[in-house]
1. Give me the residue from the range C:120-147 that is in a loop (DSSP other than H, G, I, E, B) and among the polar types (S, T, N, Q) and, out of that set, farthest from the other protein chains (Cβ to nearest Cβ).
2. Checking A:Ser92 against (1) more than 16 Å from ligand 5 (Cβ to nearest atom); (2) within 12 Å of chain B (Cβ to nearest Cβ); (3) modelled with pLDDT of 95 or more, only one condition comes out false. Which one?
3. Select from the range A:189-219 the residues that are in a helix (DSSP H, G or I), more than 7 Å from every other protein chain (Cβ to nearest Cβ) and over 15 Å from B:Ala189 (Cβ atoms) and list them in ascending order.
4. Pull up the range A:30-42, narrow it to residues that are more than 7 Å from every other protein chain (Cβ to nearest Cβ) and in contact with a strand residue (DSSP E or B) (Cβ under 9 Å, 6 or more places away or on another chain), then point me to the one that is nearest to ligand 5 (Cβ to nearest atom).
5. Restrict the check to the range C:230-240 and report whether at least one residue is touching a residue at least 40 places away in the same chain (Cβ under 8 Å), more than 14 Å from chain A (Cβ to nearest Cβ) and more than 11 Å from ligand 3 (Cβ to nearest atom).
6. Sort out which residues of the range A:3-34 are of a type outside the set (S, T, N, Q), in contact (Cβ under 8 Å) with a residue 12 or more places away in the chain and not in a strand (DSSP E or B), and write them in order of number.
7. Return the residue satisfying two criteria in turn: it lies in the range B:91-139 and is within 22 Å of the chain's Cα centre (by Cα) and of a type in the set (Lys, Arg), and of such residues it is nearest to the other protein chains (Cβ to nearest Cβ).
8. Would you check if there is a residue in the range B:116-130 being among the hydroxyl-bearing types (Ser, Thr, Tyr), assigned to a helix (DSSP H, G or I) and in contact (Cβ under 8 Å) with a residue 24 or more places away in the chain?
Amino acid sequence: MKLSLRIWRQPDADTKGEMVPYEIDGVSEDASFLEMLDVLNEHLISEGKDPVAFDHDCREGICGACSLVIDGQAHGPQAATTTCQLHMRKFSDGDSIDIEPWRAGAFPVIKDLVVDRSAFDRIIQAGGYISAPTGTAPDAHAVPIPKQDADAAFNAAACIGCGACVAACPNGSGMLFMAAKVAHLGLTPQGQPERQTRVLGMVAAHDEAGFGGCTNVGECSAACPKEIGLDVIGRLNKDFRKAAIRAA
Amino acid sequence: MSTDFYRDGEPVADAKAPTGPIAERWERRRFSGRLVNPANRRKLRVIVVGTGLAGASAAATLGELGYRVANYCFQDSARRAHSIAAQGGINAAKNYRNDGDSVHRLFYDTVKGGDFRSRESNVHRLAEVSTEIIDQCVAQGVPFAREYGGLLDNRSFGGAQVSRTFYARGQTGQQLLLGAYQALQRQVAAGTVDLHTRHEMLELVIVEGKARGIIVRDLVTGEISTELADAVVLATGGYGNVFFLSTNAKGCNVTASWRAHRKGAYFANPCYTQIHPTCIPQSGDHQSKLTLMSESLRNDGRVWVPKKRGDHRHPAEIPEDERDYYLERRYPAFGNLVPRDIASRAAKIVCDEGHGVGPGGLGVYLDFADAIDRLGQKAVEARYGNLFDMYERITGENPYERPMRIYPAVHYTMGGLWVDYDLSSNIPGLFVTGEANFSDHGANRLGASALMQGLSDGYFVLPNTISDYLADGPFEALGEDHEAVVAARKEVDDRIEFFLHNDGDRTVDSFHRELGKIMWEYCGMERSDEGLRKAIGLIRDLKAEFYKRVKVTGKAEQLNQELEKAGRVADFFELGELMCIDALHRTESCGGHFRAESQTEEGEAKRDDEHFSYVAAWEFGEDEPVLHKEALEFEYVKPTQRSYK
Amino acid sequence: MNWTREAYRVYRVAVSTELQSRTAAHPVKRARAPWKPWRSTIGLKVAMGVSGILLVLFLVAHMAGNLHVFEGRESMNDYAAGLRSFGEPLLPHESLLWVMRLGLIAAVAVHIVSAVVLTRRAMQARPVRYASKKPAKGESRHAVATMRWGAIVIVLFVAWHLMDLTWRTVNPVKDLHDAYGAVVATFDPERWPVTVFYLLALVALGFHLRHGIWSAVQTIAGPNTRWRKRTQAVSLAVAVLLVAGFAIVPLAVTFGLVS
Ligand SMILES: Cc1cc2nc3c(=O)[nH]c(=O)nc-3n(C[C@H](O)[C@H](O)[C@H](O)COP(=O)(O)OP(=O)(O)OC[C@H]3O[C@@H](n4cnc5c(N)ncnc54)[C@H](O)[C@@H]3O)c2cc1C
Ligand code: HEM
Ligand code: HEM
Ligand code: SF4
Ligand code: F3S
Ligand code: FES
């Protein structure tokens, strides 16, 4: 396969970047999108040029490191698929493909396609946990959890923290990510005592990090590789409302 | 025994394994260990490198206890440590099923599964602590699978006779890691843990024989800095990536361990590698990693290859009598469910004989046609739907219509830095936890035991044992101008300098791929005297070429992924050589280590307890490594030969 | 109970001071201290939703009132007069009208202020556009464009509309008691651009409400997936009914059904 790529190149956070065209030939249909970039990088290095920097690690759709906007779509055209799991057979010979980093004020570009997502960690630090110091736990069977609740909690907990939701949201909002965690913990009995403080703290951190508000556009959920549903945002809003009224 | 590649040294002096009845040893050790008064903990600084299960759990717990912790990982977030990828589950001797499980049985199974090459005391402690891990994780909100009654569900895993595996769909590692990550973030917010992401440890600082700090590179700015402390914990994961292609994440590396090894820490049993039989085969030279398909597929799939060599027909066109169901043929009793190492090697054998299918002839069929006939497509879909989807996404083939192609791949490394019962390496103040140490699995790890070990080490063992060492602290304050610090920094600077100024013409990956091929060919599923000797030669040549021809673009003061890779691959070269030497010296077959020369008449692994019932702890030597043996004693589980006929 | 507030305060301190210095690799724009829940993105959004729903209720009533036009001049003008004289002589003249107006002004103020603040935050949160366009895949495909551009059209419309039919500045019928006459005059076929502008504004309003109503419900009530589909349907229906109910008046005048 022969492809024309346009890739966002930006040497560092402070320098202006631009879309740079590249031609690449002999791409295998079986290669993953990142492997296609590996091949491009091998060529670039051989020519003495700086290879394209991009984040990745597990390459099997679970670590949440990979993060490319491909033809305007976070994680590319295939639904429920991370960039590392996207394969070149989804494209055709002769295609032109645009590759850009996540774009969001809270995710500044570090280099090329690599962005800083530490704002997500700060949201978790502000309450995205259950305070259970090691060694203090009762027996695991002390509190049964209805299977439906456990399953719903799992669905929300499946978030890989990739940030595609932010990249896709026209408001640059981190709501889906935050809501997934609020929903996960709020659906377990262990998460109840801190439920209100958690949501207030997390929303404060979310806003402070520079994410935008949610206006229920739903692009986040459509881009989410783990198909986290918009209902978690509904839950978040509800928890927040209750907590805010109580804290007032 | 060949001694042409190494020297024999003194046996390991003391593994600190307590004596007495095995069920009381951990209790006793905890009691005999010294404690640190809570007010003093604030004055003690501990570095934890790694935020996987082992690292995050340790950092969070030490933070809760009141120590000042500095925690490092090379990913952009602690949550992305490789533990996130573990699928199957985590073992614990809860006996919630009342099916006869117990701490002793988990202990017994683990020692036996490790082919009698692990330390009994450690394994027993692991089995004891396993139950606390589940309690802890549930309290953190980990959404384990549950039954309709609301209680935790269990499954049997890796051929165990009892159901003791706790799981969270196929994402157990993810959920456990998120639990630990969240506990860690809570400590970050509380100010007890300084978390540094996108930082890579490149050197260990040793002062007066004690581990006192690390040198790290900020992967964004390239800045080299020093972190000094009273103790250093390495929880840096496994080194399966020495094979280039493995199921490990791309960033997994041996650098932290290797740097410690070069500074005197023993590296134990480096050759013990676990190869997982059901991975998606390589599709071409572009391949960057291999993807694991859950082992559970073997419950319903039948493994076969065409009887004719190089048969390129569509599998549906190959009639029954021209198929070789080789596992069912060779192991009539266990059939497709033989343990990982046996299934892996059997696949290699048929492919080596030319029966393999798919690109390069490296693959065997895993066929669900019978299961679909028997159960209906719906039932198969319900059981394995997500795995089938993943397979289709990667290969573009529909496994409902065409048998899956699978092939073994490197998955886990049982070897690692040598540690005593307290998880301390032979360098005082240097502790090692999780996959990075060698301790608990012997020559073969049972499924769902790595997660258990990582969390056991991090939540429960290390925080208890490290206090005995820290009770002597705080140690004398050090300045960054201390000669040991300056020297360590210089080593790092020199290495970076070298790579950036080497006038080469080959990419780092091209070397890594070639090294991986050598390792896989000669130090993979089957090893022989001749092959290993050849491999050592090839590795040495390739390493020389690497230093001559490697090309690293860019600058030091920026995000430079090529530079990161170059440093890691350089360490893989040295590790690869040691792995081959270790494999060469161990002329027996045991667990994941199969020596062609040591097999039974039926071609099964043959252990040699008389000569090899020891841990091989290697000391670094500029010319040749030095072998220290730690003898293994089995008081509670008597060694027997495994058989799956 | 006070633990909530206290623990919440602790989180706040942690978030804003310690963490910022510890983990922020780059300067982060801070929200103006002190942080109040209602100033947060979610708080503002609830305010916008609630005020929006109030506006919807007003429009429903307004639309229903407009339909008096079909009952002739008397009926329409009586209705308008009735609104003004409601409760008299117990209450002063125009009390109901002013209560409504004050409520309306408050709702509009809250709605616009929160909309402006959120839009500004959204623009800061998304400062760079993607070079390539993608097909929209979300719940509300064109919500962003239609909501924000539509809102501007609505503001312009309301300004004109007040000058036209409330103050009559731009209306040929200056008699404040003849609402009927004013309506008929403004949609006179001669003044077709006015009618067209009204209709355009109504379309903008329709789009605004199609997303706005279900969005407000999602924000306030947080429905699950099944209910979301239903609120979306209801939202669309209300939007269509409102637009149709409003549009029928100018159309009727233009085509001579009412004169
Ligand atoms: C695909 C797959 C599936 C698996 N499934 C299971 C399963 O079902 N059950 C089971 O029990 N086990 C399973 N395992 C094994 C298990 O996941 C691992 O052994 C275990 O998670 C290792 O945890 P760890 O904390 O030791 O290391 P890791 O999770 O690998 O963490 C290593 C940490 O060290 C950091 N690090 C490494 N080097 C440096 C450096 N130089 N400087 C700074 N930081 C560094 C990394 O950033 C990372 O944070 C699986 C493994 C794989 C590959
Ligand atoms: C006066 C001019 C108006 C402006 C400037 C305005 C602006 C906005 C904006 C910017 C939004 C959010 C857009 C988004 O979700 O992306 C919004 C939402 C909304 N508007 Fe308006 N609007 C106006 C008039 C109205 C009117 C007249 C009504 C009702 C009759 C209305 C009802 C709503 C509703 C229900 C929402 C949804 C709130 C939510 O998302 O929770 N708006 N408006
Ligand atoms: C196209 C159909 C419409 C017609 C025929 C119409 C007619 C009128 C009339 C006659 C009045 C004056 C009432 C009085 O003073 O007693 C009025 C007032 C008003 N209209 Fe409309 N209107 C229409 C659409 C709208 C729309 C779409 C909106 C809002 C987006 C709107 C908002 C208002 C407001 C805010 C007032 C002022 C109310 C007050 O004085 O308290 N109108 N309208
Ligand atoms: S919610 Fe989905 S898109 Fe957002 S971070 Fe989580 S997994 Fe990624
Ligand atoms: S796309 Fe953005 S507006 Fe809300 S529903 Fe998703 S966060
Ligand atoms: S690289 Fe881990 S999710 Fe893509």
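The values are calculated or read from the model by the stated rules, or taken from the named source; none is laboratory data. The shown structure was predicted, so the numbers you read here are calculated from the model rather than taken from an experiment. All Cβ positions, even for glycine, are placed from backbone atoms using ideal geometry, and neighbour counts span all protein chains on display.
1. The first filter runs over the range C:120-147 and keeps only residues in a loop (DSSP other than H, G, I, E, B), leaving C:126-142.
Narrowing the set further to residues that are among the polar types (S, T, N, Q) leaves C:132, C:140.
Details: C:Ser132: 4, C:Ser140: 6 Å.
Only one residue fits best here, namely C:Ser140.
2. (2)
3. A:Pro189, A:Arg195, A:Val199, listed by residue number.
4. Checked the range A:30-42; the qualifying residue nearest to ligand 5 (Cβ to nearest atom) is A:Phe33.
5. Taking the range C:230-240 and keeping what is touching a residue at least 40 places away in the same chain (Cβ under 8 Å), we get C:232, C:238.
Next, only the ones that are more than 14 Å from chain A (Cβ to nearest Cβ) stay: C:238.
Still in the list and also more than 11 Å from ligand 3 (Cβ to nearest atom): C:238.
Within the range C:230-240 (the criterion being touching a residue at least 40 places away in the same chain (Cβ under 8 Å), more than 14 Å from chain A (Cβ to nearest Cβ) and more than 11 Å from ligand 3 (Cβ to nearest atom)), the answer is yes, since at least one residue qualifies.
6. Within the range A:3-34, the subset of a type outside the set (S, T, N, Q) is A:3, A:5-9, A:11-14, A:16-27, A:29-31, A:33-34.
Within this subset, residues satisfying the condition of being in contact (Cβ under 8 Å) with a residue 12 or more places away in the chain are A:3, A:5-9, A:11-13, A:17, A:19-27, A:29-31, A:33-34.
Within the range A:3-34, A:Pro11, A:Asp12, A:Ala13, A:Gly17, A:Asp25, A:Gly26, A:Val27, A:Glu29, A:Asp30, A:Ala31, A:Phe33, A:Leu34 meet the criteria.
7. B:Arg125
8. Applying the first criterion (among the hydroxyl-bearing types (Ser, Thr, Tyr)) to the range B:116-130 yields B:118, B:121, B:130.
Now narrow it down to the ones that are assigned to a helix (DSSP H, G or I): B:121, B:130.
Then keep just the ones that are in contact (Cβ under 8 Å) with a residue 24 or more places away in the chain; that gives B:121, B:130.
The answer is yes; a qualifying residue exists.
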